[in-house]
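One structure is given below, encoded as structure tokens.
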Amino acid sequence: MAFDITADEQELVDAVAQISKDVLAPQAASADANERVSEETLKTLAEVGVMGLNLSEEFGGPGVGSVAMSQMVAAITEACASTASIVTAQFLATDSILLGGTDAQREAWLPRAAAGEVIGAFGLTEPGAGSNPAEMSTKATRVDGGWHLKGTKCFITNAGFADFIIVYAKTDVDAGHKGISAFIVDTAAAWAGLDFNPPEKTMGLRGSPVYEFVIDTIVPEDALLGDAGEGFTTAMRVLDRGRIEVAAMSLGIGKAALDAAVAWAGERKISGKPLGRLQGIAFKLADMYTKYRSAWLLTMDAAEQRDAGVDFTRSSATAKLAASEAAAFIADEALQIHGGYGFTRDFPLERYVRDARIYRIYEGSSEIQRTIIARSLS
């Protein structure tokens, strides 16, 4: 398990880590307070290829492997989790086109997305269909010249300012998950048929808005992503990849919280001695590091399997489960070590705790990951 990356990949990893430290970290608190990451921040990341990290050079991306990509996602999250959420939501949208689209659709959308010229969103979740997408009620009906999409989606990151949304809908209501198809909705063309609610008031990742929206519009025939009935398969393949990215985001939060706790334990004095000299605190730090390192190894292993082109469904689920739960544990323990100071907004610990909470829910809850893993063992 060397998890080697090339010299070119390492150069990009280092560049993204530096931008994260210099640009993203100083803005993280304001993005949280103002509930929006600035457009300039996204442009800065686009300039070094971050908005297309998941894409090959053929489609305008830097063509890096998943191991290097995971390290960059972790670095971005360590600095600002909200920024990472916007970026990885872009990957969900473009992965949908990459994996399920036609050559024409890939050429039309992916290079522009990689350049940061367009922002995408992944419209799968509905008020009555979260963990089981097969229960979605959004429908797509054939009409002259295209498809009539009608339904409601919720908790969709980027949707309110996206240039395109991948909307999953039932084209055959009697076929279960085999009746689900995907569509590329150009929001500028379909704006009159899109009704967005104000962004949700979320606990964490406040700088990365999520939206509920109602769609009632007609899209052209070529908006159908690939073939009818292939949407569920595409979504599941996308989520396999996305779960590694959630694991990487969890690593970012975990490292930020662990580093803060180690620094505080060394600086804070109790009876003239560093807090970290107390066995109770030292053991906490040891447990935090062990969980972080275990999650790191599982995440990089899943990323390496993705790069190898083998089935990585179980590995991605395992990495997401372990890393998301490790991030929550580490962030909470780091706040505890900081005591009352950790509970204030003068320190980032309370933000880490809030931001980390969603990782055990979205792109498949911890319970769903356990189900995936258990089924793969039988």
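The values are calculated or read from the model by the stated rules, or taken from the named source; none is laboratory data. Fair warning: this is a prediction, and the values are worked out from it, not measured in the lab. Note that each Cβ is placed from the backbone with ideal geometry, even for glycine, and that neighbours are counted across all protein chains shown. The protein model used for the area step is the full one, side chains on, heavy atoms only, and it has no ligands, DNA or RNA in it. Shrake-Rupley method; radii C 1.70, N 1.55, O 1.52, S 1.80 Å.
So the values come out like this:
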{"item": "Single residue of GLY226, GLY266, GLY280 found to be more than 20 Å from the chain's Cα centre (by Cα), at positive phi and not aromatic (Phe, Trp, Tyr)", "result": "GLY226"}
{"item": "Candidates GLU325, GLU333, filtered to the one that is more than 24 Å from GLN279 (Cβ to Cβ) and part of a helix (DSSP H, G or I)", "result": "GLU325"}
{"item": "Residue match in the range 266-276 (condition: open to solvent by less than 10 Å² (accessible area, probe 1.4 Å) and either within 30 Å of SER316 (Cα to Cα) or outside the structural domain of ALA28 (by the TED database) (or both))", "result": "no"}
{"item": "Flag if ASP95 is of a type outside the set (A, V, I, L, M, F, W, C) and in a helix (DSSP H, G or I)", "result": "yes"}
{"item": "Looking only at the range 157-183, and only at residues there that are surrounded by fewer than 17 Cβ atoms within 10 Å (Cβ to Cβ) and out of contact with any helix residue (DSSP H, G or I) (no Cβ under 8 Å at 6 or more places or on another chain), the one that is farthest from GLN105 (Cα to Cα)", "result": "ASP174"}
{"item": "Count of residues meeting criterion [closer than 22 Å to ALA113 by Cβ and open to solvent by less than 40 Å² (accessible area, probe 1.4 Å)] in the range 16-43", "result": "8"}
{"item": "Check on ASP103, at pLDDT 95 or above, under 17 Å from the mean Cα position of the chain (by Cα) and acidic (Asp, Glu)", "result": "no"}
{"item": "Residue match in the range 246-267 (condition: part of a helix (DSSP H, G or I), out of contact with any helix residue (DSSP H, G or I) (no Cβ under 9 Å at 6 or more places or on another chain) and modelled with pLDDT of 95 or more)", "result": "yes"}
{"item": "Residues satisfying the stated conditions in the range 188-205, i.e. open to solvent by 90 Å² or more (accessible area, probe 1.4 Å) and in contact (Cβ under 8 Å) with a residue 40 or more places away in the chain", "result": "MET203"}
{"item": "Within the range 206-233, considering residues that are acidic (Asp, Glu) and in a strand (DSSP E or B), the one surrounded by the fewest Cβ atoms within 10 Å (Cβ to Cβ)", "result": "ASP216"}
{"item": "Residue within the range 281-302 that is farther than 30 Å from ASP172 by Cα and assigned to a strand (DSSP E or B) present", "result": "no"}
{"item": "LYS153, sole failed condition from (1) open to solvent by less than 20 Å² (accessible area, probe 1.4 Å); (2) among the charged types (D, E, K, R); (3) free of Cβ contacts under 8 Å to residues at least 24 places away in the same chain", "result": "(3)"}
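Conditions (1) part of a helix (DSSP H, G or I); (2) of a type outside the set (Val, Ile, Thr), marked per residue:
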| residue | (1), (2) |
| --- | --- |
| GLU117 | no, yes |
| LYS150 | no, yes |
| ASP174 | no, yes |
| LYS178 | yes, yes |
| ILE184 | no, no |
| ALA188 | no, yes |
| ASP195 | no, yes |
| PRO198 | no, yes |
